[in-house]
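As structure tokens, the structure follows; a few thoughts come after it.
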Amino acid sequence: MAEVLVVVEAGVKKVTLEMLTIARGLGSVSAVVFGEADTAKLAEYGAEKIYTASGEDVAGYLVAPKATVLAELVKQVQPAAVLLGSTQEGKEIAARLAIKLDNGLLTDAVSVEADGTATQVVFAGSTIVKSKVTKGLPIVTIRPNSVTPEAAPASPTTEALTVSASDADKLTKVVERVAEQKGSRPELTEASIVVSGGRGVGNADNFKLVEELADLLGGAVGASRAAVDSGYYPHQFQVGQTGKTVSPQLYVALGISGAIQHRAGMQTSKTIVAVNKDPEAPIFELADFGVVGDLFKVVPQAADEVRKRK
């Protein structure tokens, strides 16, 4: 059975586990790790082989050396497919790899079938497209929160790859790394609970109400595009077609009308609760539980009930 290469960025994120789950339906799963990663977690989710690539040529430059290493590995093992996360780095590595191999490329897939056919959800979730590369092997980037990760423990072997970056790979050097300050809240795309606010929150100061409920529930904070565009909350917390895609166990939408742009980023959430004063708001078509009312009255009451049960 041919190998399926799953590219692992720094650390093991939820999308990594999703890719390992998808890869098991395509062939023998091999993880390609650049830098450090939790190999035990990779093994838990089915990695039968782990390739590692490290050193200054990988860490000291941007993505070009990684694409070169990956291209050499593809030529060596002739995999059935290569899967990467649809992240900023993952898509750039995928594009460079496709050029190096003179190969086709599919992006933002939500699943991949055994014959290499990828499913892509486009036009804000209104259309489903089935695609295949017409040249070479399937190189596919997977949209985060597309599938539910499923464990399948394996006992992988490990192989260190030789990293030999060319001068062309070293044109952009990393001169400094600054660790982002992280709070107590989980990362938005990784969270099992997300509380999001929309234009109905009114202003930036009122977003404290959204944050308070999120903190009580142990969740992450999100925002609609309307809220972000109005300056209520930073752009990196935007949920939607032009923001981040989330699929938590619980999604709470506060003052969000439910435009198709927003729904595209959260409609796969397991349970959706909406609070909006407009009974005709589109969000209620999607919600499992809806409250028609003033969020400034509803949310404090909900918060009090959560406190009583803690």
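In table form, for the structure just shown:
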item: Taking N as its residue count, the alpha carbon Rg of segment 1-98 over 2.2 N^0.38 Å; result: 0.97
item: For segment 188-308: relative contact order, % (alpha-carbon pairs under 8 angstrom, 6 or more apart); result: 24 percent
item: Calculated log₁₀ intensity ratio I(q)/I(0) where the Debye formula runs over C-alpha points of the chain, q = 0.11, 0.12, 0.15 Å⁻¹; result: -0.73, -0.85, -1.14
item: Volume per residue that the Cα convex hull of segment 3-170 spans, once the total is divided by residue count, Å³; result: 102 Å³
item: Per-residue [θ]222 nm for the chain (sum of -39500 (n - 2.57) over DSSP H runs n ≥ 4, rounded to 500); result: -7500 deg cm²/dmol
item: For segment 73-159: Kirkwood Rh in Å [reciprocal of mean 1/r, alpha carbons]; result: 14.0 Å
item: Two-decimal Rg/Rh across segment 188-308, once Rg and the Kirkwood Rh are taken from alpha-carbon atoms; result: 0.91
item: Under 21 Å from the Cα of LYS173 - lysines, other chains or at least 8 residues apart; result: LYS66, LYS91, LYS100
item: Size of segment 56-110 as Cα extents on the principal axes (Å, biggest first); result: 32, 26, 15
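Read-outs throughout are calculated quantities, based only on the coordinates presented, and are distinct from any laboratory measurement. Treat the numbers as computed from the prediction; the structure is a model and nothing was measured.
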